[in-house]
Amino acid sequence: MQVVIGRIGRAHGIRGELNVDIRTDEPERRFAPGSSVVCGGRTLTVKQARHHGGRLVVSFEEVPDRNAAELLHGTVLEAEVDPQDTPDDPDEFYDHQLVGLEVRSGDIVVGTVTGLVHLPYQDTLAVAIDGREVFIPFVTELVPVVDVAGGFVTVADVEGLLDPAKAENAASDIDTN
């Protein structure tokens, strides 16, 4: 099974190095020299990886120069993992482990996790609830329980979290007179 581990940004320099937006909690493992990644249907071998200016700069054996690097801009990087593997940290999960889990509010099943959206500052659960899609920030305060073995996640009872129509509207509190 393949999991997303990054997205290629701009070329860095003239030697084929690439800026990579990390999408894994294990960059030192996934981008270790000699490891393989899948990039647009082809396999690339990591030659070197280093941090520079808050980003990961990676060079691949198969990308010799800037011209070859620029052709990969925007491409998603994936790693092959055994479906039974789990991340080392018990509070980390692969996307495929979460998709399909029941979403509970208290003891009531309210929906199903349909996917994850990886945003720059936090991940967000996509949840199907009564034929509509709701996005819930995947943070401990809002998703305090993730029980992969039990087949569910529990979300906090926060007004408007599961039904945006019930959310407080800050604009309605403004006196326009």
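The values are calculated or read from the model by the stated rules, or taken from the named source; none is laboratory data. On a predicted model such as this, the values are computed, not experimentally measured, just so you know. For neighbour counting, all protein chains shown are included, and Cβ atoms are generated from backbone atoms with ideal geometry for every residue, glycine included. Protein only, heavy atoms only, side chains kept; ligands, DNA and RNA dropped before computing areas. Shrake-Rupley method; radii C 1.70, N 1.55, O 1.52, S 1.80 Å.
Name the residue, out of Thr75, Thr45, that is among the polar types (S, T, N, Q) and within 20 Å of the chain's Cα centre (by Cα). Before you say what the answer is, go through the steps one by one.
On the way: Thr45 fails: within 20 Å of the chain's Cα centre (by Cα).
None of the others qualify; the one that does is Thr75.
Quick test for you: out of Gly111, Gly151, Gly74, pick the one residue that is closer than 19 Å to Gly6 by Cβ and in contact (Cβ under 8 Å) with a residue 12 or more places away in the chain. Before the answer, list the steps.
Numbers: Gly111 fails: closer than 19 Å to Gly6 by Cβ; Gly151 fails: closer than 19 Å to Gly6 by Cβ.
Step by step, each of Gly111, Gly151, Gly74 is checked, and only Gly74 is closer than 19 Å to Gly6 by Cβ and in contact (Cβ under 8 Å) with a residue 12 or more places away in the chain.
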Whichever residue in the range 125-172 is under 19 Å from the mean Cα position of the chain (by Cα) and acidic (Asp, Glu) and, among such residues, is farthest from His96 (Cα to Cα): Glu141
First in the range 79-98 and touching a residue at least 60 places away in the same chain (Cβ under 8 Å), second anywhere and of a type in the set (S, T, N, Q) and open to solvent by 60 Å² or more (accessible area, probe 1.4 Å), Cβ under 6 Å, 6 or more apart: Glu80/Gln2
Go through Val46, Val37 for me and flag whichever is under 22 Å from Glu92 (Cα atoms) and at pLDDT 95 or above. Val37
Filtered residue count, the range 100-124, keeping only those that are modelled with pLDDT under 95 and within 18 Å of the chain's Cα centre (by Cα): 10
